[in-house]
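The values are calculated or read from the model by the stated rules, or taken from the named source; none is laboratory data. Owing to the predicted nature of the structure, the values given are computational and were not obtained by experimental measurement. Quick reminder, even Gly has a Cβ in these numbers, built from the backbone with ideal geometry, and neighbours come from all protein chains shown. Remember, those area values only see protein heavy atoms, side chains included, never the ligands or the DNA or RNA. Shrake-Rupley method; radii C 1.70, N 1.55, O 1.52, S 1.80 Å.
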Amino acid sequence: MNIIISNANNEPIYEQIYRQIKSAIISSELKEGDLLPSIRNLAKDLRISVITTKRAYDELEKDGYICLAIGKGSFVAEKNTEILREAHLKEIEEHFRIILKIAPACKLTVDDIIEMFKIISEEE
Amino acid sequence: MNSIEVKNLTKSFGDFTLKDLSFNVPSGTIMGLVGENGAGKSTAIKLIMNTLKADNGEVSVLGVSNLSKEFTNLKQDIGVVLDEAYFPEVLNAKNINNIMKLIYKNWNEDSYFEYIKKFSLPLTKIFKDFSRGMKMKLSIAVALSYNPKLLILDEATSGLDPMVRDEILDVFNDFTRDENHSILLSSHIISDLEKICDYICFIHKGKLLLVEEKDLLLEKYAVIKLAKNQLETLPKDSIVRKIRTSFGYEVLVQKDKINAAFRVENTRLEDIILLMVKEGV
């Protein structure tokens, strides 16, 4: 797995680590049960702060991509269909919110939107 | 656990006062002390090691008060490197090994000669003929070879060339792979500290201006350059400090409080630190 830390963009370092490990997991480059480098060693190898690396791992654990076994290290979590579903639901919700933001400008009511959605899904 | 705890440390001499210094160095981390020449960094380090008596305040190192009797024994666990290396001038690296062997109960001969080799130091040249870089590297080799848990370094990388500095920073970086190892280092070369520190403690004219996680500082603050009329469009509560320059303003802002439309400079630690104390025109 490659992790590239760039100082050129404004993306916080912990997000860069989070994003790169996450995409390695989603693309199956890292497989279920694979051992991740220890927080301390990863930080020292990348020459970044231990605290920042820990923050990235904490986020990955919170979002269910990795799990921490105390004394053993961090592993890639079971690919949980529930989690992937959750992520998709979140995305759908996000799109709904955008629709609700734009709708008042066209004077659309909720019923109008539901009607519109029905028509579109029948077309599909 | 904290490897160093400093509470309300105060010391006055004549016209200089180091006032109310408080900070902690969590175990397993690297704390950088930043400040201009004469800011009080070396005074702070001397107070921590109790080679200078504090007027007020408390210090505990590796869980032991620096005023207690145990602190003398504890020094076997603390590696200290000051900005000047003091070894007898006629000794060479081999002689120094023979002496240190008798002083430190945890002296590790193999590790010492490994560092000597790693730093390309000569074995038989006498100390007097060492360059400044070689002297510093020898001090660091000695400090690391009695297996300390804590390293305290005062301007250990100043006056060295970038290659040697980088080599030394690498060694410090490796030292903290062990989570029981911590480092407190002072420097006025902010880019060095930016490279390896987990936390930054900024002292200016004897006063503590900030203690913060380094990456949070870089995430939280940014420098913006503006003309006067643009300055008024900036939310008041986002401004940490503004400096008038000859042609406009340089403003230190909290990133999360400004509109994304403002062009934020690619901000380094040095820019943030300098803007906090710089005088305008």
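Remarks
- Residues within the range A:60-112 that are open to solvent by 60 Å² or more (accessible area, probe 1.4 Å) and in a helix (DSSP H, G or I), tallied: 28
- Residue that is farthest from B:Val25 (Cα to Cα), among those in the range A:49-87 that are more than 10 Å from chain B (Cβ to nearest Cβ) and in contact with a Cys (Cβ under 9 Å, 6 or more places away or on another chain): A:Glu78
- Checking each residue in the range A:1-15 for being of a type outside the set (D, E, K, R) and either touching a Cys at 6+ places or on another chain (Cβ under 9 Å) or assigned to a loop (DSSP other than H, G, I, E, B) (or both) picks out A:Met1, A:Asn2, A:Ile3, A:Ile4, A:Ile5, A:Ser6, A:Asn7, A:Ala8, A:Asn9, A:Asn10, A:Pro12.
- The range B:247-271: number of residues that are buried (at least 18 other Cβ atoms within 10 Å of the Cβ) and either free of Cβ contacts under 8 Å to residues at least 24 places away in the same chain or away from chain A (no Cβ under 14 Å) (or both): 4
- Residue match in the range B:85-97 (condition: in contact with a strand residue (DSSP E or B) (Cβ under 6 Å, 6 or more places away or on another chain), open to solvent by less than 30 Å² (accessible area, probe 1.4 Å) and under 18 Å from B:Leu169 (Cβ atoms)): no
- Figure legend. Inter-residue proximity from the range B:224-238: first residues closer than 18 Å to B:Met276 by Cβ, second residues part of a helix (DSSP H, G or I), beta-carbon distance below 9 Å, spacing 6+ or different chains. Indicated pairs: B:Ile224/B:Gln230; B:Asp237/B:Lys257; B:Ser238/B:Lys255; B:Ser238/B:Asp256; B:Ser238/B:Lys257.
- Complete set of residues in the range B:148-179 that are more than 12 Å from chain A (Cβ to nearest Cβ), surrounded by 18 or more Cβ atoms within 10 Å (Cβ to Cβ), without any contact (Cβ under 8 Å) to a residue 40 or more places away in the chain and not charged (D, E, K, R): B:Thr157, B:Leu160, B:Val164, B:Ile168
- If the condition is being under 15 Å from B:Leu193 (Cα atoms) and open to solvent by less than 50 Å² (accessible area, probe 1.4 Å), then the range A:46-59 contributes A:Ile48, A:Ser49, A:Val50.
- Checking each residue in the range A:12-38 for being open to solvent by 50 Å² or more (accessible area, probe 1.4 Å) and either touching a Leu at 6+ places or on another chain (Cβ under 8 Å) or aromatic (Phe, Trp, Tyr) (or both) picks out only A:Lys22.
- Number of residues in the range A:16-59 that are part of a loop (DSSP other than H, G, I, E, B) and either in contact (Cβ under 8 Å) with a residue 40 or more places away in the chain or among the aliphatic types (A, V, I, L, M) (or both): the value is 7.
- So B:Lys125, is it touching a strand residue (DSSP E or B) at 6+ places or on another chain (Cβ under 7 Å), more than 14 Å from chain A (Cβ to nearest Cβ) and among the charged types (D, E, K, R): yes
- Lone qualifier among A:Arg19, A:Arg47 - being of a type outside the set (Val, Ile, Thr) and either on the phi > 0 side of the Ramachandran plot or more than 12 Å from the chain's Cα centre (by Cα) (or both): A:Arg47
- Enumerated strands (runs of 3 or more DSSP E) restricted to the range B:1-64, each holding at least 1 residues that are open to solvent by 40 Å² or more (accessible area, probe 1.4 Å) and touching a residue at least 24 places away in the same chain (Cβ under 8 Å): B:2-13, B:16-26, B:56-61
- The range A:1-48 - residue that is touching a Ser or Thr at 6+ places or on another chain (Cβ under 6 Å) and within 14 Å of chain B (Cβ to nearest Cβ) and, of those, nearest to B:Val264 (Cα to Cα): A:Ile13
- Residues in the range B:167-179 that are acidic (Asp, Glu) and in a loop (DSSP other than H, G, I, E, B) were compared, and the one that is farthest from B:Pro26 (Cα to Cα) is B:Asp178.
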